[in-house]
1. In what sequence, highest mean first, do 149-161, 19-31 appear when ranked by Cβ atoms within 10 angstrom?
2. For the chain, state the average projected area of the convex hull of the C-alpha atoms over all orientations, rounded to one decimal in nm².
3. Which of the aspartates and glutamates could be linked to residue 84 by a straight reach, that is with a Cα gap under 12 Å, when you skip same-chain ones fewer than 8 residues away?
4. What's the ranking of 6-15, 60-69, 76-85 by average number of surrounding C-beta atoms within 10 Å, highest first?
5. What does the net charge come to around residue 230 if you take all other residues with beta carbon closer than 13 Å to its beta carbon, with K and R at +1 and D and E at -1?
6. If you count the DSSP beta bridges with both ends in the chain, what percent of them are antiparallel, to the nearest 5?
7. Name every cysteine in the chain that ends up alone, with no second cysteine's Cβ under 4.7 Å, or say none.
8. Summing Lys, Arg as +1 and Asp, Glu as -1, what charge do residues with Cβ under 11 Å from the Cβ of residue 51 carry, residue 51 excluded?
Amino acid sequence: MKRILVTGANGLLGQKLTALLAREFEVLATDLQAELLAPEAKTRYQPLDITKAGQCREVIRDWNPDAIVNAAAYTDVDGCEEHKELCWQVNVRGVENLANAARKNMAMLVHVSSDYVFDGKNGPYAEDDPPRPLGYYGKAKLASENAVRLTGIPYTIIRTNVLFGVGNRVKNNFFLWAYHSLKDGKSINIVTDQYNNPTLAEELAEGILLSLRKSAYGVFHISGLEYLNRYEFTLKIADAFGFSRDLIRPITTDMLKQKAPRPMRGGLKIEKAQRELGFSPRPLGEILEMLKQQLEG
Ligand SMILES: NC(=O)c1ccc[n+]([C@@H]2O[C@H](COP(=O)([O-])OP(=O)(O)OC[C@H]3O[C@@H](n4cnc5c(N)ncnc54)[C@H](OP(=O)(O)O)[C@@H]3O)[C@@H](O)[C@H]2O)c1
């Protein structure tokens, strides 16, 4: 494995992935914008809209990668309920475009999916648990997994959940939002009934690197170590950064009136990735300490 193409390279995962993979492979990073936003990633960059089949074919033909890692997605879960066509174009058609171009160029495809393919009745979930998405985002992610499988190319599907971390001009993730709110002394309402295992973007990137090194085909769950609810996660953030716990008010999901239904007991079992890939995530406490260094140096 020598050459990699990364899509969605300016997203949170994409930035960490590009920086990490570029240390070991020749990487062409791509996204919608005119330039690469990850300052630490020293690599080539070219704009690529994955919804454009012709563009995908050309870029993949010219770069001729051994593997394509798809970190591009429309990730606004509530937005997907409102903008179904956009969600489908990016999250399903885009993936089909990449898979078809991969087949032509005999490249493997690593595609990133979500625990939202499950209904959250009895998580955390293992790779072979039956999916049953609740909302449109989850339905599209499941359809994208099926599209990858149907193309007949060698593939790795990596499911993850509650991705967090710090990046250059990245969208607000749950951690960043909680961090900035608490830092500014704002009270925040946090749900006590949504369970996941939050995943540091760098650790997901590490898991993807491990899967590439081993050409590990199939489905893998790559997520954080600790299974906890959002309220507990936020308390840990407050404690790590020395913010007041009094600012955090416990509520339940029904009070939020969100457009998309959320899996309540979501999250992912990671034993397969630990066993077969040697994936070894750090405890949340250590991760928050590291983020404290990054943010407050
Ligand atoms: N975030 C989570 O909690 C979470 C949980 C489970 C799974 N995942 C999955 O993990 C992966 C990475 O997520 P992330 O949080 O890093 O997402 P992100 O920060 O939203 O990054 C996605 C990137 O894809 C780009 N993109 C959107 N449409 C595109 C298109 N048509 N062509 C090319 N690029 C396009 C986005 O650009 P714009 O910003 O300009 O739109 C953005 O730079 C996604 O597959 C996501 O579904 C995320």
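Every read-out reported here was derived from the displayed coordinates using simple, explicitly stated rules and does not represent laboratory data. Model, not experiment: these values are computed from the prediction. Glycine also receives a Cβ, built like all others from the backbone with ideal geometry; neighbour counts cover every protein chain displayed.
1. 19-31, 149-161
2. Dividing the Cα hull surface by four gives the mean projection, 14.2 nm².
3. Hits, sequence-local ones excluded: 76.
4. 6-15, 60-69, 76-85
5. +1
6. Just about 5 percent of them are antiparallel.
7. If one checks each Cβ against the other cysteines of the chain, 56 turn up with nothing under 4.7 Å.
8. Working: positive: 52, 93; negative: 49, 85, 96.
Net charge around residue 51: -1.
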